[in-house]
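The values are calculated or read from the model by the stated rules, or taken from the named source; none is laboratory data. Only a predicted model underlies this, so the values are computations on that prediction, with no experimental measurement involved. Cβ atoms come from the backbone with ideal geometry, glycine included; neighbour counts cover every protein chain shown.
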Amino acid sequence: MAGSGKAKRGIPPKSDLNAWYPAIVEIADLVDKRYPIKGMDVWKPYGWKAMTLIDGLTRSQMRRTGHEEYNFPLLVPEDLLDKENQLVSHLKASRDTGIDASELRVDEEEAGFKKEVYWVKHGGDTELEVPMFLRPTSETPMYTMFSLWVRSHADLPLKTFQIVNTFRYETKQTRSFIRVREIHFFEAHTVHADQDGATAQIAEDAEIVQRLLHELCFPAIVSKRPSWDTFPGAWHSTAVDAVMPNGRTLQVATYHHYRDQWARAFNLTYEDRNGETQFCHQTTFGMSERLLGAIVGMHGDDSGLIMPPSIAPIQVILMPVAAHSDENVIPRVEALASQLQDSGFRVQVDARDLRPGTKHYDWEIKGVPIRLEIGPRDLASSQCTITLRTGGKIESPLEGISSTIRQYLDSVSDELRSRAHAHASELIRTFPGLSQTADIWKLDAALEEGFVYELAFDGNDADAEVLEKATGLTLLGDCVQPYPEPIPCAVTGKLTTRRHHLARMY
C-alpha cells in the first residue's frame, strides 16, 4: 500500500515511510511535535478527536463485557515500585534458571525498573520522605486497592479498566504515537476466583481485540509470546502486532495471564464458599495510541491520511460549489448538514472562500472518507456529487441521502479492510529455510529487508536463538492460527502445526 508517487503539497511519498510518517502526522494536524520535551507531543483537535473515538470503541467493548471504569492516581510511592520490582525480578530469575519461584530467596533479587520511570522527589521545596514516580502502568496502585476491596467469592470477578496517561523514560528515538514518553493508555485489570476464570477472561480479551481491529479496518498477527519474551510477572503473554508498510511490526495490544503470582505479592485473597482463604487469579489487557499510529501507517497514501469511518473525526465534508452565483446553495448545504447530523453522522461544512482544488487537497490530507458537493446545477436536479477518499466519484440523488451516505461509509470501510489484508499478505513471506554445516547455520536464501517471514517452529530456546542470530529478526511467538497440516520445523525438522513469524519490530 505504500505509494510511489512524487511528493504532494509537502508530503513525501509513502514509499519513504520514515519521511512520510512524521510529516503526515503534523501536516494532517494530528499533533504538534514542537513541545520542548522530547517524546511528549501536543495533541491537536483533529488527532485528539480521532483518539477519543478509538477510546469510545474501547469503552463500548468494556460496557459489553461488564468492565467498570476507574481512575487511579498518577503518583505511586516508591515502596510499591520496590514490591513490583522484587516480584518481577524474582519471577524472571525463576524463569531464566528453570527453578520454581517458591524455591528462590526473594531478598536476593534486585530491583529492575527504577531507571524507566519519572521520579518526583520534592513537594515544593520540601524533600519527600518517600519519593514517588509517575505511573508507567498501574499494577501496583490498583492491586494495592484490590486487596482492600476483595474479601469474599461474592466480590469476584472484579473487572476494571481505565484510560489515562502513563509515563516512561524512553531513551530510544521517539516517533509520534509509536514510541513516546507520555502515553495515552488503556489498561484493563481483572481479578478472578481461579485459573479457569482468568483463562476465560483472556479468551474474552482476544475477542475484544478482533472486534476493535474490524472497526479500525486492519488485520494483525496475534501471537503467544515465547517464554523468554513473556512479561516476567505473567504466566503467559499474548501480543497483537500490526504489519506496517515498511514490513516492520508494531505491537498495538497485549494481554497477560498472571495466574496468582501478583496476588501472592499483594496479598490479594478471598474467602471461598467453604470459608477457606484462596489467592485470586488475575489478568491485564493493554492498548495505547499505537492504534492510531497503525491506522495512519496502514491506511494513508501519497495524498495523506485515509480515516476509517468508525474513528474519522469528520465522516462527511460538505462543500458548496459556485455559491456566489446562487444564494440558495449555502442554505441547502447547511440544511443537509443538519439532516445528516440528525442521522448520527459527523459532518462539517466547508464554506471557506478558497478555490475548490485547495479545499479538496485539505480534506484529502485529513483523510475524510466522503466529500459531498452541491452547486446550482445540483439544486436544479436534486442531486449531489459524492467523492470517496478511497476512490470513486458518484452522482447521487439527495432523496434518501442518509441511507446513501451510510452505504458509502460502509463501502469505504470494506475497501480499507480489503487493502489492509492485501498489504499484510504481500509483506508476509515464507521463510526460505536454514541449513547446518558442522556447527554453522546458514540461510538457504538471503532474506529481503522489509518483510515478515512465516515459518513452522517447534524448537527450544536455543533453537530460537539460532533463528534470530541467523536472520537478525525477532521471533514473535506462537501464532494463534496454527497451520492446518503439520510441516517440518525450520530448525529441528520435527513435524508441527505451530506457526511463527520472524520480524523486525518497532
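The residue that is modelled with the highest pLDDT, counting only those in the stretch 177-232 that are among the hydroxyl-bearing types (Ser, Thr, Tyr) and either outside the structural domain of His256 (by TED's automatic domain parsing) or surrounded by fewer than 21 Cβ atoms within 10 Å (Cβ to Cβ) (or both), is Thr199. With respect to Arg259, is the statement that it is over 12 Å from the mean Cα position of the chain (by Cα), modelled with pLDDT under 95 and not aromatic (Phe, Trp, Tyr) true? Considered against the rule, which asks whether it is over 12 Å from the mean Cα position of the chain (by Cα), modelled with pLDDT under 95 and not aromatic (Phe, Trp, Tyr), Arg259 comes out as no. When Ala220, Ala253, Ala203 are checked against the criterion of being aliphatic (A, V, I, L, M), touching an Asp or Glu at 6+ places or on another chain (Cβ under 7 Å) and within 26 Å of Phe457 (Cα to Cα), Ala220 stands alone in meeting it.
Would you mind stating whether Leu476 is under 30 Å from Ala335 (Cα atoms), of a type in the set (A, V, I, L, M, F, W, C) and surrounded by 14 or more Cβ atoms within 10 Å (Cβ to Cβ)? It is false that Leu476 is under 30 Å from Ala335 (Cα atoms), of a type in the set (A, V, I, L, M, F, W, C) and surrounded by 14 or more Cβ atoms within 10 Å (Cβ to Cβ). None of Met62, Met51 is farther than 26 Å from Thr174 by Cα, at pLDDT 95 or above and in a helix (DSSP H, G or I) except Met62. Scanning the stretch 146-190 for residues that are over 14 Å from the mean Cα position of the chain (by Cα) and part of a loop (DSSP other than H, G, I, E, B) gives Val150, Arg151, Leu156, Pro157, Arg168, Tyr169, Glu170, Thr171, Lys172, Gln173, Thr174, Arg181. When only residues in the stretch 402-449 that are in a helix (DSSP H, G or I) and of a type in the set (Val, Ile, Thr) count, which is surrounded by the fewest Cβ atoms within 10 Å (Cβ to Cβ)? Per the criteria, the residue is Thr404.
Report yes if Glu84 is over 22 Å from Phe167 (Cβ atoms) and either outside any strand (DSSP E or B) or modelled with pLDDT of 95 or more (or both), otherwise no. Spelling it out, it is not the case that Glu84 is over 22 Å from Phe167 (Cβ atoms) and either outside any strand (DSSP E or B) or modelled with pLDDT of 95 or more (or both). Checking the stated criteria, Ile394 turns out to be among the aliphatic types (A, V, I, L, M), part of a strand (DSSP E or B), more than 17 Å from Val329 (Cα to Cα) and modelled with pLDDT of 95 or more. Sub-7 Å Cβ pairs linking a first residue in the stretch 380-405 that is within 21 Å of Gly367 (Cβ to Cβ) to a second residue that is in a loop (DSSP other than H, G, I, E, B) and aromatic (Phe, Trp, Tyr), at least 6 apart or interchain, are Ile405/Phe345, ordered by first then second residue. Screening the stretch 24-41 for residues that are over 10 Å from Ser176 (Cα atoms) and in contact with a strand residue (DSSP E or B) (Cβ under 7 Å, 6 or more places away or on another chain) and picking the one that is surrounded by the fewest Cβ atoms within 10 Å (Cβ to Cβ) gives Tyr35.
Scan the stretch 210-244 for residues that are farther than 18 Å from Pro482 by Cβ and not polar (S, T, N, Q) and the total you get is 18. Listed by position, the helices (runs of 4 or more DSSP H) enclosed by the stretch 274-373 that each have at least 3 residues that are surrounded by 24 or more Cβ atoms within 10 Å (Cβ to Cβ) and assigned by TED's automatic domain parsing to the domain that holds Ala198 are 290-299. When residues in the stretch 129-176 are screened for being among the charged types (D, E, K, R), under 27 Å from Ile295 (Cβ atoms) and exposed (fewer than 15 other Cβ atoms within 10 Å of the Cβ), 1 of them pass.
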